[in-house]
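The values are calculated or read from the model by the stated rules, or taken from the named source; none is laboratory data. Just so we're clear, the structure is a prediction, and the values are computed from it rather than from any experiment. Here the Cβ positions follow ideal geometry from the backbone for every residue, glycine too, while neighbour counts run over all protein chains shown.
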Amino acid sequence: MTASFNRFAEKANGEAVLRYGDTVVFATVTMAEEETEKDFFPLSVNYEEKFYAAGKISGSRYTRREGRPSDKATLISRMIDRAVRPAFPEGLNKEIQIIITCLSFDEENDPGMLGMIAASLALHISDIPFKGPLGAVRVGKNKEYIINPTYNIREESELDVVVSGFSSEEKGFIINMIDGTFKETEEKNIEDAFLAAEQAIKEICKFQNEIRDKIGKEKITIPPLFKNEDIKKKIEEEVKGKVKELLEKEDCEDDLSELEEEIKDNIKEKYEEKEEEYARECLEKALKKEVRRSIMEKEKRVDGRKLDEIRKINSSVGLLPRTHGSALFERGETKALSVITLGAPGEEQLMDDMELSEKKRFMHHYNFPPYCVGETKPVRGPGRREIGHGMIGENSIFPLIPDAGEFPYTIRGVTEIVSSNGSTSMASVCGMTLALMDAGVPIKRPAAGISIGLVSDDEKGNHKLLTDIKGTEDHYGDMDFKVAGTREGVTVIQLDVKIEGLTKEMAKETLKQAKEARHSILEEMEKTISAPRENLSPFAPKIATLKIDKEKIGDVIGPRGKTINDIIEGTSVAIDIDDEGLISITSEKEESIEKAVSWIKNITREIKEGEVFQGKVVKIFGFGAVVEILPGQEGLVHISEIASKRIEKVEDEVSPGQVVPVKVIKVESGGKISLSIKRAKEE
């Protein structure tokens, strides 16, 4: 990996160009001059794919330029955001924009992972406050662990995981982001992947520090927040007493929200505008402090659960009468309605992005309507969060989907989050699994997902893990560690943190707790449905497959598609043919499929000498007649084979459209067929 600083973007606060192989990415970081009034850290991260990087001209034929980001680009943007966001210091309240552009792609080395390092380097050498540098690597496994595997190796790998983190002499190796897919991998192998990533991340961090020592700018100073110790003390005292009383209840989450609103109203009445802003921030910190103290000192959560306790689980299947499969998964107030639609092989999604052009036959789409959190908002297309959560569910279940040879359907799953209070993405994994089994899709085994939270105390050096976090615990806690998989192993991990990160030991402990929770959820799900239904929905399309010789594909398609179009129009089916000669025939009617199968078999069957057919005369020449003996298969009856007597003209004996008996007298190696009418009549 090499870095260069070409001063492409002189007006930006920082920039870096990284090259790995022939993959090149360009990262810029820019900070606004003025502070924002937003009540959250205003960071935006955009990863941009440019088709020129891969030597492609793509996009709409009318514009030929890149449009909205592909789902893959959106996922990379989210991944980089999740890695760098925790590394900004508290109190930074200016808008920051990070743009990473792929300038060259060699079809071997991942530009997304390289983009994360480029973003870190650009921040590290800039004047923007940043607790970096951040290192990141992709880890694969093919007998041995491989750092930054190529695309070909990734396809065969047991795991494909991006790990980012920090490395310093004081704190050692800290993991702050994980984004990985696995093929039912055991937790021990995942822990070993973290170990494999450690040394590489140390080297990457060292590489960035050496560059900063040479060309790094002096970091700007964050102006001190308005401070009034009197206000802070009053807020803390008011909150501490009331929250302590509330936390004695079995479930105080609703009361906590009401208390927060009550104190906010009091703040508005008591304080001036500048003081009010500070008082509200003090309130947030005081509430967070007391909720966390209850967990750390008493192991008492806001809803009264034990630290490793999962909320009550309910599930049901077959809710919707005309869909191909449906399920509702409930975990406390979080409810996911999942629906399956089965389609023909030709309904696969075509993926055309900078990196790859491919087809996808299993899709999962996730929707988060405003009513699920009791809000009213404009309903628009899916945002980054919806795309990201949909892909988590898709990757969690993809290793369990049967291949096309066993189950040729295109499968689309949609999860509607109808009620939300914590970890809806993991609920969608459970809902999708149930809906797939309800639809009769022969998945290998059920999958489930769980989110583990964290409350930590750096001063005392201890922490508590929280199984199945709710919205309040996600808000006040330190991490969201999502793990999905089966009883055999893990299929997906996604880690977000708000603190600096986790040690390897903390990650190992989390994986263990997630495994126990996952198995418990699977037990509850299997009480509703334990295996895929034996039969598909009567409303699902029927599919028949047959394999033909690759050399016969042209015969089925016919000149300019005439033959296959005749079959489709004559039987009302959909037909898909792959390059290996596998034909899939789809229809809602069994008899239509049977008719199409018979038609294709007749076209592709091997004609043998001695067979007799009733054929239709299609053409007449001076030397004989062409007779169609099967759909798409024709032979020649020489004039000498039309009648037992000598004839002067072919037209005297046969005419176009006439059905005549014919016998196959010769089949040549090139496929030419010689027929005889007179011999057929003799028999």
Please verify whether the stretch 104-115 includes one or more residues that are outside any loop (DSSP other than H, G, I, E, B), surrounded by fewer than 24 Cβ atoms within 10 Å (Cβ to Cβ) and among the hydroxyl-bearing types (Ser, Thr, Tyr).
yes
So, of the residues in the stretch 340-377 that are of a type in the set (Val, Ile, Thr) and in a strand (DSSP E or B), which turns out to be surrounded by the fewest Cβ atoms within 10 Å (Cβ to Cβ)?
THR341
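Residue by residue, here is whether (1) more than 27 Å from PRO133 (Cα to Cα); (2) modelled with pLDDT of 95 or more; (3) of a type in the set (Lys, Arg) holds:
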site	(1), (2), (3)
ASP22	no, no, no
VAL29	no, yes, no
GLU33	no, no, no
SER58	yes, no, no
GLU66	yes, no, no
Of the conditions (1) in the same structural domain as ASP39 (by TED's automatic domain parsing); (2) hydrophobic (A, V, I, L, M, F, W, C); (3) farther than 28 Å from GLY501 by Cα, CYS205 fails just one. Which one is it?
(3)
Within the stretch 329-338, identify whether any single residue is more than 30 Å from ALA73 (Cα to Cα) and over 34 Å from the mean Cα position of the chain (by Cα), and answer yes or no.
no
Taking into account only those residues within the stretch 3-20 that are at pLDDT 90 or above and outside any loop (DSSP other than H, G, I, E, B), which is farthest from the chain's Cα centre (by Cα)?
GLY14
Looking at (1) in contact (Cβ under 8 Å) with a residue 60 or more places away in the chain; (2) closer than 14 Å to ARG518 by Cα; (3) in contact with a Pro (Cβ under 9 Å, 6 or more places away or on another chain), which is the one condition that is false for TYR409?
(2)
Of those in the stretch 35-63 that are among the acidic types (Asp, Glu) and more than 27 Å from the chain's Cα centre (by Cα), the residue surrounded by the fewest Cβ atoms within 10 Å (Cβ to Cβ) is GLU37
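Residue-by-condition table, conditions (1) surrounded by 24 or more Cβ atoms within 10 Å (Cβ to Cβ); (2) part of a helix (DSSP H, G or I):
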site: PRO408; (1), (2): no, no
site: THR415; (1), (2): yes, no
site: GLY422; (1), (2): no, no
site: MET426; (1), (2): yes, yes
site: VAL441; (1), (2): yes, no
site: GLU459; (1), (2): no, no
site: LYS464; (1), (2): no, no
Determine whether THR545 is in contact (Cβ under 8 Å) with a residue 40 or more places away in the chain, touching a Ser or Thr at 6+ places or on another chain (Cβ under 6 Å), of a type outside the set (D, E, K, R) and surrounded by fewer than 17 Cβ atoms within 10 Å (Cβ to Cβ).
yes
Determine the pairs where a residue that is more than 24 Å from ARG412 (Cβ to Cβ), located within the stretch 366-389, has a partner that is assigned to a loop (DSSP other than H, G, I, E, B) with Cβ atoms under 8 Å apart, the partner being 6 or more residues away or on another chain.
VAL373/SER420
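Among the residues of the stretch 525-542, which ones are part of a helix (DSSP H, G or I) and either within 30 Å of PRO631 (Cα to Cα) or in contact with a Ser or Thr (Cβ under 7 Å, 6 or more places away or on another chain) (or both)?
Filtering the stretch 525-542 for residues part of a helix (DSSP H, G or I) gives 525-526.
Within the stretch 525-542, just MET525 meets the criteria.
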Evaluate the stretch 575-591: report whether one residue or more is among the acidic types (Asp, Glu) and in a helix (DSSP H, G or I).
yes
Candidates SER537, SER520, filtered to the one that is in contact with a His (Cβ under 6 Å, 6 or more places away or on another chain), touching a residue at least 60 places away in the same chain (Cβ under 8 Å) and either crowded, with 21+ Cβ neighbours inside 10 Å or among the polar types (S, T, N, Q) (or both)
SER537
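Has the stretch 484-496 got at least one residue that is touching a Leu at 6+ places or on another chain (Cβ under 9 Å) and basic (Lys, Arg)? Outline the logic, then answer.
Start the filter on the stretch 484-496 by keeping residues that are touching a Leu at 6+ places or on another chain (Cβ under 9 Å), which leaves 486-487, 490-491, 493, 495.
Filter again for basic (Lys, Arg), leaving 487.
So far as the stretch 484-496 goes, yes, one or more of its residues are touching a Leu at 6+ places or on another chain (Cβ under 9 Å) and basic (Lys, Arg).
Picking from GLY304, GLY325, which residue would you name as being among the small types (Gly, Ala, Ser), surrounded by 15 or more Cβ atoms within 10 Å (Cβ to Cβ) and touching a residue at least 40 places away in the same chain (Cβ under 8 Å)? Walk me through how you get there before you give the answer.
Values: GLY304 fails: surrounded by 15 or more Cβ atoms within 10 Å (Cβ to Cβ).
GLY325 is the lone residue from the list that is among the small types (Gly, Ala, Ser), surrounded by 15 or more Cβ atoms within 10 Å (Cβ to Cβ) and touching a residue at least 40 places away in the same chain (Cβ under 8 Å).
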Close pairs (6 angstrom Cβ cut-off, 6 or more residues apart or separate chains): within 14 Å of LYS234 (Cα to Cα) in the stretch 267-278, in a loop (DSSP other than H, G, I, E, B) and of a type in the set (A, V, I, L, M, F, W, C) anywhere:
TYR278/PHE226
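Of the residues LYS645, LYS678, LYS663, which single one is more than 20 Å from GLY558 (Cα to Cα), surrounded by fewer than 17 Cβ atoms within 10 Å (Cβ to Cβ) and not aliphatic (A, V, I, L, M)? Reasoning before the result, please.
Values: LYS678 fails: surrounded by fewer than 17 Cβ atoms within 10 Å (Cβ to Cβ); LYS663 fails: surrounded by fewer than 17 Cβ atoms within 10 Å (Cβ to Cβ).
Being more than 20 Å from GLY558 (Cα to Cα), surrounded by fewer than 17 Cβ atoms within 10 Å (Cβ to Cβ) and not aliphatic (A, V, I, L, M) holds for just one of LYS645, LYS678, LYS663, which is LYS645.
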Of the residues that make up the stretch 618-627, is at least one touching a helix residue (DSSP H, G or I) at 6+ places or on another chain (Cβ under 7 Å), charged (D, E, K, R) and either surrounded by fewer than 16 Cβ atoms within 10 Å (Cβ to Cβ) or assigned to a strand (DSSP E or B) (or both)?
no
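Kindly check whether there is at least one residue in the stretch 72-92 that is surrounded by fewer than 16 Cβ atoms within 10 Å (Cβ to Cβ) and of a type in the set (Lys, Arg).
Narrowing the stretch 72-92 to residues surrounded by fewer than 16 Cβ atoms within 10 Å (Cβ to Cβ): 89-91.
Those left that are additionally of a type in the set (Lys, Arg): none.
Checked against the condition, which is being surrounded by fewer than 16 Cβ atoms within 10 Å (Cβ to Cβ) and of a type in the set (Lys, Arg), the stretch 72-92 yields no hits at all.
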Which members of the stretch 334-355 meet the condition of being farther than 26 Å from ALA544 by Cβ and either at pLDDT 95 or above or of a type in the set (A, V, I, L, M, F, W, C) (or both)?
THR334, LYS335, ALA336, LEU337, SER338, MET351, MET354
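Quick one: which strands (runs of 3 or more DSSP E) lie wholly within the stretch 136-201 and hold at least 3 residues that are over 22 Å from VAL483 (Cβ atoms) and of a type outside the set (Phe, Trp, Tyr)?
Details: elements: 144-147, 159-168, 172-185.
Ranges flagged: 144-147.
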Which of (1) in contact with a strand residue (DSSP E or B) (Cβ under 7 Å, 6 or more places away or on another chain); (2) over 25 Å from VAL161 (Cβ atoms) is the odd one out, the single condition ASN395 does not satisfy?
(2)
So which residues in the stretch 96-143 are under 21 Å from GLY21 (Cβ atoms), polar (S, T, N, Q) and either in contact with a strand residue (DSSP E or B) (Cβ under 6 Å, 6 or more places away or on another chain) or modelled with pLDDT under 95 (or both), if there are any at all?
THR101, SER104, ASN109, ASN142
State whether the residues of the stretch 485-499 include one that is closer than 19 Å to ASP308 by Cα, in a strand (DSSP E or B), over 17 Å from the mean Cα position of the chain (by Cα) and of a type outside the set (A, V, I, L, M).
no
